[in-house]
Amino acid sequence: MLLSLQHVDVYFGKIPILLDINGEIQDKARIGLVGPNGAGKTTLLNTMLGLIEPEKGTVAAKPHLKTGYLRQNSGLSGKNTIYDEMLLPFSPLLRTKERMDALSLQLASPSLGKEETKALTEELSRLQIAFEAGDGYMIDVKIKTVLNGMGFQDKDHSTVIDTLSGGEKTRLALAKLLLSEPELLILDEPTNHLDFKTLTWLEEYLLSYKGAVITVSHDRYFLDQVATEIWEIEFNRMRTFRGNYSKYKQLKQELMARWEKEYDAQQEEIADLKDYIARNLVRATTAKSAQSRVKKLQRMEVIDRPREYAKKMALRFDFDRDPVKEVLNAEDLSLTVGEGPQKKHLFDHLSLSVRKGDKIAIIGENGVGKSSLLKALLGEIPFCGGKYRWGKEVKIAYFDQENKRLPPYSSALDALWNKNKSRTELEIRSMLGKVLLSGEDVYKPVSILSGGEKAKLSFAILMMERGNVLVLDEPTNHLDLPSKETLEEALMEFSGTLLFVSHDRYLLSRVPQKIIELYPDHVHVYPGNYEAYLKAKENEKPLLEKKEPKKEPKNSGGRKSKEQKAREAEARAKKKALEDEIAALEEKIASMEDDLLHPERFEGNYQAMDDHCIRLEEEKTKLSQLEEAWFMMLEEEEE
């Protein structure tokens with residue numbers, strides 16, 4: 001066990017934040033920490049790390065427990081290069097290597113005495129064993145593996161950190177933390193700024209991570225892939241559920257249903273007891289029986305009324321008139337955005353067709369132009385080529401992820417009312433209430449609303465616009481988990497046409513009937529949801545590999561040329577020879593290290609032992625070079 005919490009209470013002043021918290025973190029645990037915003041998730045993490053002292057209870061950690069904590073949106077900064085920063089987690093090992101090199105030089109000196117030679121040799125042997133145990137010869141391979149996985153494969157590793165974007169700095173902070181390999185890895189919203197490819201790599205990396213992992217995330221798909229246990233904080237208390245996020249939702253629903261049933265049954269029993277007591281307590285013949293019921297009532301442990309943490313939004317998107325069958329037809333579109341030095345060409349030759357009732361998601365790498373495509377289709381920015389046409393009777397309702405259409409200095413009430421001047425104040429307030437904006441909140445200027453509140457106001461506007469085509473740009477941004485689930489249900493029930501951009505894989509798994517992946521020079525349409533998309537992508541790999549030889553010159557028939565076959569055979573032979581050489585060298589190094597553990601094999605000849613240590617160091621350097629060559633060969637093979 002790495003850490004335990006026993007009956008922990010945490011207060012902020014006199015306000016309780018966490019009450020009677022109990023939990024254990026075992027080796028290799030995979031815990032997802034969930035709960036509404038403000039429920040106390042960050043407080044719990046800080047308490048586990050010893051940054052907050054509990055008012056009551058104990059937090060017991062394994063002695064010398066190595067922890068690593070990635071705070072939300074906490075990026076790196078400084079004048080270090082990417083690679084130098086990634087070396088920092090290995091500083092102890094690198095210092096060990098420096099000492100080993102220094103010892104090797106000392107041992108090469110012919111003026112050393114026997115005792116001094118023996119002492120230096122024993123120290124070098126200890127350091128070599130420690131260096132080997134810490135995978136010291138794999139440092140470079142580890143750094144490149146993690147940097148590639150975190151999306152830095154095309155980035156010059158000599159780039160200074162301060163020149164990176166905010167998202168890159170956050171990804172780099174996560175990469176550095178992964179390289180430090182703490183026994184307990186705590187991640188607060190680690191999926192921010194990650195594309196699908198990087199998310200998939202991170203999920204696979206965490207599944208094989210040798211330590212324990214606690215993740216706070218609003219990415220439900222990520223929690224489904226990584227977590228095997230869910231800790232839920234609600235009403236200052238914590239419950240634990242075995243399984244991933246989807247299993248937790250099922251178990252929570254069953255728990256609430258059982259709790260409701262038990263509560264209702266007990267309330268009915270209490271009412272019956274009270275009624276019997278009221279009717280019989282004063283009668284001489286039944287007083288004794290009534291008195292026993294009084295005692296039973298007093299002994300009864302009353303079940304609390306089941307509570308939902310907060311009301312859920314009441315979203316429903318309706319429209320008044322159906323559009324024609326062909327909602328949108330676009331052919332050979334090209335798009336360039338920006339001016340001057342900021343000008344950027346996004347894509348060419350994009351064609352798509354949207355029919356009535358379609359629910360279509362648009363995905364693609366960051367910067368490929370997904371949001372810009374929506375804006376151009378809405379006429380906000382011009383295409384530089386191609387043509388498109390919306391069908392008759394189409395009425396579009398648009399959700400902008402940046403909420404730039406909201407008037408910043410108007411109140412939430414006025415922002416909605418000004419778009420619906422014919423409605424009464426009661427109707428406007430009722431609509432705001434449906435998205436959980438009520439009381440004094442409706443008078444707040446839009447500029448001071450939180451991201452989640454702005455999104456909810458935008459949903460209220462959408463509902464009152466009654467569009468038969470919803471165009472949504474990242475609609476789940478800033479929403480907590482209950483709000484995301486409410487939105488999903490509303491979009492699944494919507495009978496109109498839906499065109500949306502999203503990186504929320506849980507939403508992509510539930511809502512779309514079709515996924516369009518956007519590339520710089522074309523689009524690819526995949527029928528079905530996100531799981532169907534992943535399956536199709538997996539099936540595409542062998543086809544792409546078969547198509548690859550067509551790029552070779554003088555090979556119009558699609559078969560591999562003799563030259564290409566020869567090159568591939570030569571590459572395979574080189575890789576196999578390299579692997580054999582590495583295996584043989586590893587075996588040789590292991591044997592040489594074993595000799596150092598038995599100094600009697602040198603028969604008291606310290607010079608022979610010195611020479612042995614020098615040769616061992618040379619062999620390990622050679623192994624490191626061979627592993628680097630193998631890694632480079634693997635990268636070339638993947639490309």
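Check G367 against each of (1) buried (at least 16 other Cβ atoms within 10 Å of the Cβ); (2) at positive phi and name the one condition it does not meet.
(1)
Looking at region 389-405, which of its residues are farther than 9 Å from S458 by Cβ and part of a loop (DSSP other than H, G, I, E, B)?
Those that are farther than 9 Å from S458 by Cβ and part of a loop (DSSP other than H, G, I, E, B): G391, K392, E393, V394, K395, Q401, E402, K404.
Would you confirm whether any residue within region 242-249 is assigned to a strand (DSSP E or B) and either at pLDDT 95 or above or of a type in the set (D, E) (or both)?
For region 242-249, residues assigned to a strand (DSSP E or B) and either at pLDDT 95 or above or of a type in the set (D, E) (or both): present.
I need the full set of residues from region 170-199 which are over 27 Å from L93 (Cβ atoms) and part of a helix (DSSP H, G or I), in order please.
F196, K197, L199
Answer with yes or no whether S411 is exposed (fewer than 13 other Cβ atoms within 10 Å of the Cβ), in contact with a Phe, Trp or Tyr (Cβ under 7 Å, 6 or more places away or on another chain) and at pLDDT below 95.
no
Going by the structure shown, is K392 basic (K, R), crowded, with 17+ Cβ neighbours inside 10 Å and over 30 Å from the mean Cα position of the chain (by Cα)?
So K392 does not fit the description; no.
The rows are residues; the columns are (1) outside the structural domain of D504 (by TED's automatic domain parsing); (2) in a strand (DSSP E or B); (3) small (G, A, S); (4) in contact with a Phe, Trp or Tyr (Cβ under 9 Å, 6 or more places away or on another chain).
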site: L346; (1), (2), (3), (4): no, yes, no, no
site: V368; (1), (2), (3), (4): no, no, no, yes
site: L374; (1), (2), (3), (4): no, no, no, yes
site: K387; (1), (2), (3), (4): no, yes, no, no
site: P407; (1), (2), (3), (4): yes, no, no, no
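Go through region 204-224 and give me each residue that's in contact with a helix residue (DSSP H, G or I) (Cβ under 9 Å, 6 or more places away or on another chain) and surrounded by fewer than 19 Cβ atoms within 10 Å (Cβ to Cβ).
E204, Y205, L207, Y209
Here is a yes/no grid of residues against (1) buried (at least 21 other Cβ atoms within 10 Å of the Cβ); (2) modelled with pLDDT under 95; (3) farther than 24 Å from G357 by Cα; (4) not assigned by TED's automatic domain parsing to the domain that holds W417:
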site	(1), (2), (3), (4)
V435	yes, yes, yes, no
S438	no, yes, yes, no
K444	no, yes, yes, no
S450	no, yes, yes, no
E474	no, yes, no, yes
N477	no, yes, yes, yes
D480	no, yes, yes, yes
D504	yes, yes, no, yes
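Mind listing just one residue for me: the one in region 302-359 that is without any contact (Cβ under 8 Å) to a residue 24 or more places away in the chain and among the basic types (K, R) and, of those, surrounded by the fewest Cβ atoms within 10 Å (Cβ to Cβ)?
Restricting to residues being without any contact (Cβ under 8 Å) to a residue 24 or more places away in the chain and among the basic types (K, R), the top hit is K343.
What number of residues in region 409-439 are assigned to a loop (DSSP other than H, G, I, E, B) and closer than 29 Å to G379 by Cβ?
Matching residues across region 409-439 total 9.
Run G243 past the list (1) surrounded by fewer than 17 Cβ atoms within 10 Å (Cβ to Cβ); (2) within 29 Å of G369 (Cβ to Cβ); (3) more than 14 Å from the chain's Cα centre (by Cα) and report the number of the one that doesn't hold.
In the conditions (1) surrounded by fewer than 17 Cβ atoms within 10 Å (Cβ to Cβ); (2) within 29 Å of G369 (Cβ to Cβ); (3) more than 14 Å from the chain's Cα centre (by Cα), G243 misses (2) alone.
Which of the residues that make up region 437-466 are touching a Phe, Trp or Tyr at 6+ places or on another chain (Cβ under 8 Å), farther than 14 Å from R405 by Cβ and without any contact (Cβ under 8 Å) to a residue 60 or more places away in the chain?
P445
Tally time: how many residues in region 440-483 are within 23 Å of S422 (Cβ to Cβ) and in a helix (DSSP H, G or I)?
So the answer is 13.
Those residues that are under 20 Å from Y245 (Cβ atoms) and either over 20 Å from the mean Cα position of the chain (by Cα) or of a type in the set (A, V, I, L, M) (or both), I need them from region 25-37; list them, please.
I25, Q26, A29, I31, L33, V34
Scan region 42-62 for residues that are part of a strand (DSSP E or B) and of a type in the set (A, V, I, L, M, F, W, C) and report the count.
3
Does at least one position in region 478-486 carry a residue that is under 18 Å from A314 (Cα atoms) and among the β-branched types (V, I, T)?
Yes, that holds for at least one residue.
Tally up the residues in region 348-366 that are part of a loop (DSSP other than H, G, I, E, B) and either of a type in the set (A, V, I, L, M) or within 22 Å of Y530 (Cβ to Cβ) (or both), please.
Count: 5.
Given the conditions (1) in contact with a helix residue (DSSP H, G or I) (Cβ under 8 Å, 6 or more places away or on another chain); (2) of a type in the set (A, V, I, L, M); (3) farther than 18 Å from G75 by Cβ, report the number of the one that A133 does not fulfil.
Going through (1) in contact with a helix residue (DSSP H, G or I) (Cβ under 8 Å, 6 or more places away or on another chain); (2) of a type in the set (A, V, I, L, M); (3) farther than 18 Å from G75 by Cβ one by one, A133 breaks only (1).
If you take the residues of region 201-218 that are part of a helix (DSSP H, G or I) and of a type in the set (A, V, I, L, M, F, W, C), which of them is farthest from M48 (Cα to Cα)?
Across region 201-218, the extreme among qualifying residues is W201.
Being closer than 10 Å to I82 by Cβ, surrounded by fewer than 19 Cβ atoms within 10 Å (Cβ to Cβ), of a type outside the set (S, T, N, Q) and in contact with a Phe, Trp or Tyr (Cβ under 9 Å, 6 or more places away or on another chain) is the filter here, so list the residues in region 153-185 that pass it.
H157
State all residues of region 395-408 that are within 19 Å of V469 (Cβ to Cβ) and either surrounded by fewer than 15 Cβ atoms within 10 Å (Cβ to Cβ) or free of Cβ contacts under 8 Å to residues at least 40 places away in the same chain (or both); if no residue qualifies, say none.
R405
Quick one: A569 ticks every box in (1) surrounded by fewer than 15 Cβ atoms within 10 Å (Cβ to Cβ); (2) modelled with pLDDT under 75; (3) within 25 Å of N148 (Cα to Cα) except a single one, so which number is it?
Unmet condition: (3).
List every residue pair whose Cβ atoms lie under 9 Å apart, where the two residues are 6 or more positions apart in sequence or sit on different chains, the first residue falls within region 75-98 and is farther than 17 Å from K144 by Cβ and free of Cβ contacts under 8 Å to residues at least 40 places away in the same chain, and the second residue, located anywhere, is buried (at least 18 other Cβ atoms within 10 Å of the Cβ) and of a type in the set (F, W, Y).
Between residues of region 75-98 that are farther than 17 Å from K144 by Cβ and free of Cβ contacts under 8 Å to residues at least 40 places away in the same chain and residues that are buried (at least 18 other Cβ atoms within 10 Å of the Cβ) and of a type in the set (F, W, Y), the close pairs are K97/F131.
On the given criteria, is K356 under 21 Å from F399 (Cα atoms), at pLDDT 90 or above and basic (K, R)?
In short, yes.
The values are calculated or read from the model by the stated rules, or taken from the named source; none is laboratory data. Here the structure is a predicted model, which means the values were calculated and not measured. Cβ: placed from backbone, ideal geometry, glycine included. Neighbour counts: every protein chain shown.
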